[in-house]
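Working notes, beginning with the structure itself.
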Amino acid sequence: MDGVAMNQHELAIVPEGMIADMLTREAAFDAVEKVFAAMAAGDAYNFPVVREAIGHEDALYGFKGGFDRAGGVLGLKAGGYWPHNLDRRGLINHQSTVFLFDPDTGRVKAMVGGNLLTALRTAAASSVSIRHLVRKDAKVLGMIGAGHQAAFQLRAALETHAFEKVIGWNYHPDMLHNIAEVAMEAGVTYEAVDLAGMQAADAIISLTSSFDATLFSEHVSPGTHIACMGTDTKGKQELAADLMDKATVFTDEIAQSISIGEAQHAIGQGLIAEEDIVQLGAVINGTHPGRTSDDEITIFDGTGVGLQDLAVAGSIVEVAVAQGQATVVPI
Ligand code: NAD
């Protein structure tokens, strides 16, 4: 938030309804790429995640926080999942808000709507992995999953790399129109396939809420990059564990990858070790070579870290204050 014309006695508020106008996919990409780099350089770290079933409305509520010394960003995202919102109140079930603090004084600096921001920062993470790990000649993008997040992921991926064709599979085929429409809007050919058809993909984004592996080794061709984005909780799984063993595995944060991310299964079965997993930020910083051959399968285990939210929120506040769009109140 450097350059923001606010003083320490002011709080900037950017409500949910303004986020779409304040945040471009490009800005989300830049913010996430920078913070992944800072994490790998040891300049930024995430705090332990708190997630609680609060015993009311069947809600799951929690906090994801962190400090990025390099970017001067300190804060947390508070929120969670209220499963009855849509039916009872016409509100989306995922609800969150980001709070940013001045790392020099501890004073609150900003309050930012976190719902759309979460989708955009998650899409930015898989796109950053595509930018750094996909083969340069990649043409076909496979989508596994067609839920709320999928359209955001697909739009961002198509802006990041010049894919010529999108192929899609979903557990609930009636939802596939969500991704078909995005591909068509982008002027890219779309085809629904069965899982064996994923062999044609050069890159795959997997984004499901599944608790069992969907994608197996026989579905994946050599040289494919897989951004595995759905597994963010203990017990969830999208990829067969042996696929992790065959691939070079990258992640946003190793502690989350082995505990709540996709690597929990391969680690649990002793197929890979924690030391085998590389922070994507190391590739961004140039301290890890990333992909080293056209036959290598690369996997990005995107678990979703609080610093992604804070980085993107910081970028939104900067734009909103600079444009005079934020509500600035005295504190
Ligand atoms: P959603 O509920 O809108 O969609 C769920 C998707 O999973 C649908 O495509 C559905 O068909 C599919 N699915 C459901 N059961 C399945 C099964 N048994 N096998 C295979 N597929 C199945 O959810 P969403 O908002 O699109 O989120 C998808 C996943 O991404 C969730 O697990 C969510 O927690 C996770 N997520 C991760 C991050 C991150 O940063 N990594 C961020 C947000 C959400």
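Which of 64/246; 64/234; 109/234; 165/246; 136/165 have a Cα-Cα distance over 22 Å? List each step's numbers first, then the result.
Numbers: 64/246 32 Å; 64/234 16 Å; 109/234 33 Å; 165/246 26 Å; 136/165 15 Å.
Flagged as over cut-off: 64/246; 109/234; 165/246.
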Margin query: Ignoring everything except DSSP H segments at least 4 long, calculate the 222 nm mean residue ellipticity for the chain; use -39,500 (n - 2.57) per segment, divide by total residues, nearest 500.
Written below: -9500 deg cm²/dmol
Next item on the list: Please give the net charge around residue 297, taking every other residue with its beta carbon less than 12 angstrom from that of residue 297, where Lys and Arg add +1 and Asp and Glu add -1.
Entry: -3
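What is the sum of charges, Lys and Arg at +1 and Asp and Glu at -1, for the other residues whose Cβ falls under 11 Å from the Cβ of residue 151? All intermediate terms of the calculation are to be shown ahead of the outcome.
Details: positive: 155; negative: 181, 185.
Result for the local shell: -1.
Order the peptides 209-222, 141-154, 248-261 from the highest to the lowest mean number of other Cβ atoms within 10 Å of their residues.
Values: 209-222: 15.8, 141-154: 24.9, 248-261: 22.9.
Top to bottom by mean Cβ count within 10 Å: 141-154, 248-261, 209-222.
What percentage of all Cα-Cα pairs in the stretch 66-149 are separated by more than 14 Å?
Above the 14 Å cut-off, the stretch 66-149 has 75 percent of its Cα pairs.
Counting DSSP beta bridges in the chain, what percent are antiparallel, to the nearest 5?
Values: 33 of 64 bridges.
About 50 percent, rounded to the nearest 5.
Would you kindly state the longest site-free stretch of the chain, with sites defined as trypsin sites (Lys or Arg not before Pro) in a DSSP loop (not H, G, I, E, B) surrounded by at most 14 other Cβ atoms within 10 Å?
Numbers: sites that count: 69, 107, 136, 139, 234.
Answer - 235-331.
So which GluC sites (Glu not before Pro) in the stretch 152-213 are both in a DSSP loop and have at most 14 other Cβ atoms within 10 Å of their Cβ?
Details: sites: 159, 164, 181, 185, 191; in loops: 164.
When the GluC sites (Glu not before Pro) of the stretch 152-213 are filtered for loop state and at most 14 Cβ neighbours within 10 Å, 164 remain.
At a threshold of 8 angstrom on Cα-Cα distance, excluding pairs fewer than six apart, so keeping six or more, what relative contact order does the chain reach in percent?
Values: 760 pairs, mean separation 75.6, N = 331.
Here the relative contact order equals 23 percent.
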Next item on the list: Under a cut-off of 15 Å between alpha-carbon atoms, report the aspartates and glutamates in cross-link reach of residue 34, not counting same-chain residues fewer than 8 places apart.
Entry: 2, 26, 43, 68, 252, 253, 309
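Of all GluC sites (Glu not before Pro) in the stretch 33-142, which ones are in loop regions per DSSP and have a Cβ with at most 15 other Cβ atoms within 10 Å?
Values: sites: 33, 52, 57; in loops: 57.
Hits after loop and neighbour filter: 57.
Hey, any idea what the orientation-averaged projected area of the convex hull of the chain's Cα atoms comes to, in nm²? It would help to have the intermediate numbers written out before the result.
Details: hull surface 66.7 nm².
Across all orientations, the chain yields a mean hull projection of 16.7 nm².
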Notebook entry, point to check: What area, in nm² and to one decimal, does the C-alpha convex hull of the stretch 247-311 cast on average over all directions?
Noted result: 4.7
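What FRET efficiency comes out for residue 165 versus residue 41 if R0 is 35 angstrom and r is the Cβ-Cβ distance? Round to the nearest 0.05. Don't skip to the end; give the middle numbers.
Working: r = 37 Å, r/R0 = 1.05.
Given R0 = 35 Å and the Cβ-Cβ separation, E is 0.45.
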Checklist line | the stretch 135-304 - Rg (one decimal) and Dmax (whole number), Cα, Å | finding: 14.9, 44
Margin query: For a quick check: with amide H placed at 1.01 Å from N, whose amide H comes under 5 Å from residue 279's, ignoring anything fewer than 5 positions away on the same chain?
Written below: 251
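For Cα pairs less than 8 Å apart in space and 6+ apart in sequence, what is the mean separation divided by the residue count of the stretch 135-304, i.e. the relative contact order in percent? Provide the component values of the computation, followed by the final result.
Working: 368 pairs, mean separation 36.0, N = 170.
Reported relative contact order: 21 percent.
Values in this text are rule-based calculations from the coordinates and carry no lab data. Here the structure is a predicted model, which means the values were calculated and not measured. In this analysis, Cβ positions are derived from the backbone assuming ideal geometry, glycine residues included, and neighbour counts consider all displayed protein chains.
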